[in-house]
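K.L.:
Got a structure for you, written out below as structure tokens; questions coming shortly.
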Amino acid sequence: MLHEYRDIITHMKENEAANAHFLKIFDRHNELDDKITKGENGDMPLTDAELETLKKEKLLLKDEAYGMILKYKKEHNL
């Protein structure tokens, strides 16, 4: 997720207490990514509607994480 911000994400992860919500979003995004991949590969039975719902949730989390990254970047002059 947001590979171009890998350094900032690492910085945020190092400060877990201040960024607990970000870490929760990050973990949930990765969990959804795994489920979506398994569903698309046929390793997990999911309907098209279920896949679409998972993808929408993943995108919302990515948008929220992106906003948090930009805010953190600005606040820490990164």
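K.L.:
Across the Cα atoms of segment 33-78, what radius of gyration and what greatest pairwise Cα-Cα distance (Dmax) are found, in Å?
P.N.:
That works out to 15.0, 45 Å for Rg and Dmax.
K.L.:
Follow-up question, since we're still on this one. Using Cα positions and a limit of under 17 Å, work out the aspartates and glutamates in reach of LYS35, with same-chain residues fewer than 8 apart set aside.
P.N.:
Within the straight-line limit of under 17 Å, LYS35 reaches these aspartates and glutamates: ASP27, ASP43, ASP48, GLU50, GLU52, GLU57.
K.L.:
A follow-up question, please. Can you give the convex hull volume of the alpha carbon atoms of segment 3-75 per residue, in Å³?
P.N.:
Convex hull volume per residue, Cα atoms: 87 Å³.
K.L.:
Still on this structure, please answer the following. Which of the aspartates and glutamates could a cross-linker bridge to LYS73, judged by Cα under 19 Å and excluding same-chain residues fewer than eight apart?
P.N.:
In chain and number order, the partners are GLU4, ASP7, GLU14, GLU16, ASP63, GLU64.
Each value in this text was obtained by applying a stated rule to the coordinates, not by laboratory testing. Here the structure is a predicted model, which means the values were calculated and not measured.
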